[in-house]
1. Can you work out the Karplus-derived ³J(HN,Hα) for every residue in region 71-80? Use 6.51 cos²θ - 1.76 cosθ + 1.60 with θ = phi - 60°, whole Hz, and x for glycine or proline.
2. Counting heavy atoms of the protein chains only and a 1.4 Å probe, report the per residue accessible area for the chain as a whole number of Å².
3. Given a Förster distance of 25 Å, report the FRET efficiency between ASP64 and ILE25 from their Cβ-Cβ distance, rounded to the nearest 0.05.
4. Would you give the gap between the C-alpha center of region 57-133 and the C-alpha center of region 6-45, rounded to a whole Å?
5. What's the magnitude of the charge dipole for region 1-64 around its Cα centre, counting Lys and Arg as +1 and Asp and Glu as -1 at the beta-carbon? Answer in Debye, nearest 20.
6. Of all the Cα-Cα pairs you can form in region 1-75, what percent are over 20 Å apart?
7. Could you give the dipole magnitude of region 77-120 about its Cα centre, charging the beta-carbon of Lys and Arg +1 and that of Asp and Glu -1, in debye to the nearest 20?
8. Report the Stokes-Einstein translational diffusion coefficient (µm² s⁻¹, integer) for the chain, Rh taken as the Kirkwood radius over Cα pairs, at 10 °C with viscosity 1.306 mPa s.
Amino acid sequence: FKNKKIITVYGPGILQYESPSQRAISKYAFLLFLKLNDLLNKKNICGFNFAVRKSAYEKSEKFDTSLSMAEDVILGLSLKKQGKILLDTSLEVYVSPRRFKKSSIKTFSTYAKSYIQTLWLHQKPKNHFEDIR
């Protein structure tokens, strides 16, 4: 990054559904979520789409591999203490919708609980995802 104050940049993920309408809905819903978080200063780096300065990562809490979710968000909270985190909505990546295909309501509620616990209450998530691969 040219600006030395920026230590992390992240972007959105688009669920790679077969249906163009489902892909579009996932894209714009996630963009809205990320932009709202950005406005509220609740940076929510996404483990599937971010870059971080090596020096900042080495000083951070790193990934807690004992967690099955929110390890990226916890890393983001640690990085935020060191410098600026930038949301770049043009950095799109496609991600698997397998969890949502299995159970949309359960997946969404699990993510919502984790989101509240980590970004708002500054706690490690109390819920976990099962491995579905």
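1. Karplus values, whole Hz, x for Gly and Pro: 5, 5, 5, 5, 4, x, 5, 5, 5, 4.
2. Heavy-atom accessible area per residue stands at 63 Å².
3. With a Förster radius of 25 Å, E is 0.20.
4. 13 Å
5. Computed about the Cα centre, the dipole is about 400 debye.
6. The calculated P(r) of region 1-75 puts 42 percent of pairs beyond 20 Å.
7. Values: 9 positive and 2 negative charges, 58 e Å.
That gives region 77-120 a dipole magnitude of about 280 debye.
8. 102 µm²/s
The values are calculated or read from the model by the stated rules, or taken from the named source; none is laboratory data. In this text the structure is predicted, and so the values were computed from the model without any measurement. Virtual Cβ from ideal backbone geometry, glycine too; neighbours counted across all protein chains shown. With ligands, DNA and RNA removed, areas are computed over all heavy atoms of the protein, side chains included. Shrake-Rupley method; radii C 1.70, N 1.55, O 1.52, S 1.80 Å.
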